[in-house]
Amino acid sequence: MKLKPVLTLGLALSALALAAPVRYEMKSYANIGGKWQPAFAWCDAPDRVIAVTQPAGADLSQPQPIKLRQVLKRPAPNTDAFDYVAEYLLGPGEGAAGSIYTAITFPDGTGQDGQYFIHTSNVENVQDPAYRMTHVNEFRTPEGAFRCRYQPQAVFMGATNKRTVIVWDNGKTATYATRNFDGTPGVYVTGGKWTADEHGKEYRFTSSDGYVYVVNASPFSAQVQVKKGDKVLLTEPFLAYSISQPAKEQP
């Protein structure tokens with residue numbers, strides 16, 4: 001039996017659609033000044049977590065006001081925790097050899113000679129279906145230059161005051177891992193599942209010895225909990241996080 005031309009074309013287009021790689025979109029949020037806000041970028045640096053808010057306007061050809069938060073991971077003993085919020089200007093961004101350098105300047109306009117910036121990749125980003133996370137390479141602030149942790153295939157990455165939490169999801173099962181700031185061994189648990197509603201997404205993992213790790217993420221709050229049975233053993237709010245999900249409009 002011959003297929004009609006229209007049906008043949010429809011089957012061909014369907015096959016192409018099935019073969020097309022999934023494109024992802026990454027959203028980032030940070031708790032700055034006690035309020036969860038969309039983040040332009042954040043950095044899980046070796047000694048601190050740094051995050052900047054998303055500017056009110058999308059056009060960064062002119063510097064726009066933002067807030068920047070820095071939290072030291074391991075403050076010196078017998079000293080106050082290093083955690084502060086400062087106001088800066090963000091933009092413009094300048095491209096160079098696969099990179100984008102987005103300027104950070106002081107509100108009075110000083111620091112415009114390119115000495116402070118956020119360095120992101122113009123290659124390793126979610127515009128390419130090969131990457132689920134956009135690579136934030138480095139933050140350079142008045143305190144120094146800070147390289148940022150990167151997990152290109154993670155669907156979630158967040159930092160609390162004590163650890164980094166990473167989640168991978170291959171479409172069948174999810175995997176949970178932590179990197180503890182005090183140098184103690186982290187946790188690695190696979191076989192996780194997720195649920196989602198209008199408020200956000202929850203990942204849940206159960207270890208072989210009965211511990212349950214729960215990651216909750218929404219634009220309004222985000223935390224990780226550890227439970228055993230009905231008892232909550234630990235609750236840690238995130239300082240900042242990124243979540244990657246399939247783009248609503250696929251090519």
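The values are calculated or read from the model by the stated rules, or taken from the named source; none is laboratory data. Here the structure is a predicted model, which is why all the values come from computation and not from measurement. Positions of Cβ are generated from backbone atoms using ideal geometry, with glycine treated the same way; all protein chains shown enter the neighbour counts. These area figures cover heavy atoms from the full protein model, side chains too; ligands, DNA and RNA do not enter into them. Shrake-Rupley method; radii C 1.70, N 1.55, O 1.52, S 1.80 Å.
Just one of (1) of a type outside the set (Phe, Trp, Tyr); (2) at pLDDT below 95; (3) open to solvent by 50 Å² or more (accessible area, probe 1.4 Å); (4) over 26 Å from GLY34 (Cβ atoms) fails for SER208. It is (2). Screening region 41-68 for residues that are acidic (Asp, Glu) and surrounded by fewer than 16 Cβ atoms within 10 Å (Cβ to Cβ) and picking the one that is nearest to TYR150 (Cα to Cα) gives ASP47.
Tell me yes or no: at least one residue of region 192-212 is in contact (Cβ under 8 Å) with a residue 12 or more places away in the chain, over 25 Å from GLU124 (Cβ atoms) and of a type in the set (A, V, I, L, M, F, W, C). Yes. Would you say ASP108 is of a type in the set (D, E, K, R) and open to solvent by 60 Å² or more (accessible area, probe 1.4 Å)? Yes, satisfied.
Residues in region 168-192 that are open to solvent by less than 30 Å² (accessible area, probe 1.4 Å) and small (Gly, Ala, Ser): ALA174, ALA177, GLY192.
Within this structure, THR195 passes the test of being more than 18 Å from the chain's Cα centre (by Cα), open to solvent by less than 90 Å² (accessible area, probe 1.4 Å), closer than 22 Å to SER218 by Cβ and among the hydroxyl-bearing types (Ser, Thr, Tyr).
Taking residues in region 61-84 that are under 23 Å from ASN180 (Cα atoms), and partners anywhere that are of a type in the set (Phe, Trp, Tyr) and at pLDDT 75 or above, the pairs with Cβ atoms closer than 8 Å and at least 6 places apart or on different chains are ARG69/TYR84; GLN70/PHE82; GLN70/TYR84; VAL71/PHE82; LEU72/PHE82; LYS73/PHE181; ARG74/PHE181; PRO75/PHE82.
So for region 32-39 (the condition being more than 15 Å from HIS119 (Cα to Cα), part of a strand (DSSP E or B), under 20 Å from the mean Cα position of the chain (by Cα) and aromatic (Phe, Trp, Tyr)), does at least one residue qualify? There is at least one residue in region 32-39 that is more than 15 Å from HIS119 (Cα to Cα), part of a strand (DSSP E or B), under 20 Å from the mean Cα position of the chain (by Cα) and aromatic (Phe, Trp, Tyr). For region 154-169, filtering for residues that are free of Cβ contacts under 8 Å to residues at least 60 places away in the same chain and either touching an Asp or Glu at 6+ places or on another chain (Cβ under 9 Å) or aromatic (Phe, Trp, Tyr) (or both) leaves 1.
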